[in-house]
Amino acid sequence: MFLNIIQLILLGLLVYIVWNVLVDRKAGDKVKPRAYLAWVGAFIILIFILVAFVSPFTSSVVDFGALFTFPLKPLGLSLFLLFLALGGVQKGGITKEATNYLWSAFLILVFFSQPLVASWLAQQGELEALNAAQLAARRNEPVGAIVLLGQSATQLNLLEPRQLQLTDTSARILQTAEEYLRQRALGSDPIVVVSAGARLGFNTATPTEVNLVEARDIGRLLVRLGVPRERILLEPSGSDFRTSALAVKSLVARGELPDRVILVTPALGMQRARQTFALLGIDTIPSPAGFLSFQSGAIPKILVDVFPNPTCKDVSTITIRDLRQLRVADFISNADSLFISTRVVNEFWTSVYYLLRGWLASGVEPIQQVRNLPCPS
């Protein structure tokens, strides 16, 4: 009760400060001039940028960052343009400037919600991941550790807290189990590191059945998939690629892990994850999962070319090409396509932020296209 009273007092004080910043009481409680408000907005953005560079992993910075980057995404930019257009709506009609804003918002929504556009954007973002997935299926190299970046790979069933629900990104968990079983077949018994912190939106001060660290839940699921409990190492602080890489780096420094690991990542963020780990001196073998290119409604682009082989009739190259003709539905906007496009755009801006922070290593070799596949046994 006492804490609630303190929160109400602080909220009232905050409202009073904001009111005095925005409203000129001497001018009859009118809003202060636009130039003044622009300086106030610029000052707030500057404070956010400084805090983000000093302490980028706090929840307040993450929340404000999501708000700050909202206009940089298709839906956010469209809504921002619609908001600007409202200023040009008058009793006698609408201004030419407002009309341009409306058309711009309409075209942005139509473009990014096209299945054809969304599929092309996803395939461009996952091009190297496609090659990495083919190499992962044919890897014969024993490795001592598998690292799963498991943030947001599951969600809780609040009606039954101990029951998990899989999401569209849960393929990483299955991929991790497959990598472990593949390593066992090669005679290796690797450590499986599950890096995933507390779920966003839950109180983590007093852990309960509802807000358990996600790594624990993923670990239980991996046990059901055949990974021995004693070979699973939970890393409960990873909230993004950077924090996971720092945690794995500390494990390597203590000798608990080798400096060469299999890295299970989302397909779209695979290259950023590789560069993040490489900057800390960790050599990674990528194992991507959860391809947006293969989501419902996406246009498949994988084709296996067959070439003569002196020993057998075997495929020799995997190329990227259209597998079917375009349909009318590929040009009809839908929410799923807008979601995929937004994921790609969000990954682009996240990579830009990592680059500005100096969290990405340069010179990381790209994944080469799969060639000269062996004959089937």
Next item on the list: Taking H placed 1.01 Å from N in the peptide plane, check which residues at least 5 places from Ile285 or on another chain put their amide H under 5 Å from its amide H.
Entry: Val261, Ile262, Leu263
Notebook entry, point to check: What nm distance separates the two modelled labels at Val364 and Gln165, each placed 7 Å from Cα along Cα→Cβ?
Noted result: 3.2
Next item on the list: Heads up, I need the accessible area for Arg357: 1.4 angstrom probe, whole protein in place, Å², nearest 10.
Entry: 50
Check: P(r) for region 65-142: what percent of alpha-carbon pairs falls in each 10 Å bin, starting at zero?
Finding: 17, 28, 24, 15, 9, 5, 2, 0
Notebook entry, point to check: Label-point separation (nm) for Ser188 and Leu72, each offset 7 Å from Cα along Cα-to-Cβ?
Noted result: 3.6
Next item on the list: Please turn the phi angles of region 173-185 into ³J(HN,Hα) values with the Karplus equation 6.51 cos²θ - 1.76 cosθ + 1.60 (θ = phi - 60°), one per residue in order, whole Hz, x for glycine and proline.
Entry: 5, 5, 5, 5, 4, 5, 5, 5, 5, 5, 5, 4, 5
Notebook entry, point to check: Which residues' amide hydrogens lie under 5 Å from the amide hydrogen of Leu268, considering only partners 5 or more residues apart or on another chain, with H built in the peptide plane?
Noted result: Leu292
Margin query: Check which residues have an amide H placed less than 5 Å from Ser237's amide H, if you skip close sequence neighbours.
Written below: Ala196
Note to self: Students sometimes get this wrong: rank Ile191, Ile94, Ile282 by accessible area, probe 1.4 Å, all chains present, largest first.
What the structure shows: Ile94, Ile191, Ile282
Check: By accessible area of protein heavy atoms, probe 1.4 Å, what ranking do Thr69, Thr154 get, highest first?
Finding: Thr69, Thr154
Checklist line | Using θ = phi - 60° and Karplus 6.51 cos²θ - 1.76 cosθ + 1.60, couplings along region 106-123 (whole Hz; Gly, Pro as x) | finding: 5, 5, 5, 5, 5, 5, 7, 9, 6, x, 5, 5, 4, 5, 5, 4, 5, 5
Next item on the list: Would you mind working out the accessible area per residue for region 87-148, using a 1.4 Å probe, and quoting it in Å²?
Entry: 53
Margin query: Per residue of region 266-282, what does 6.51 cos²θ - 1.76 cosθ + 1.60 with θ = phi - 60° give for ³J(HN,Hα)? Whole Hz please, x for Gly and Pro, Karplus curve as stated.
Written below: x, 4, 5, x, 4, 5, 5, 5, 4, 5, 5, 6, 4, 4, 8, x, 9
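The values are calculated or read from the model by the stated rules, or taken from the named source; none is laboratory data. Because the structure is predicted, anything quoted here is derived from the model rather than measured. Virtual Cβ from ideal backbone geometry, glycine too; neighbours counted across all protein chains shown. Ligands, DNA and RNA are excluded from the accessible area calculation, which covers all protein heavy atoms including side chains. Shrake-Rupley method; radii C 1.70, N 1.55, O 1.52, S 1.80 Å.
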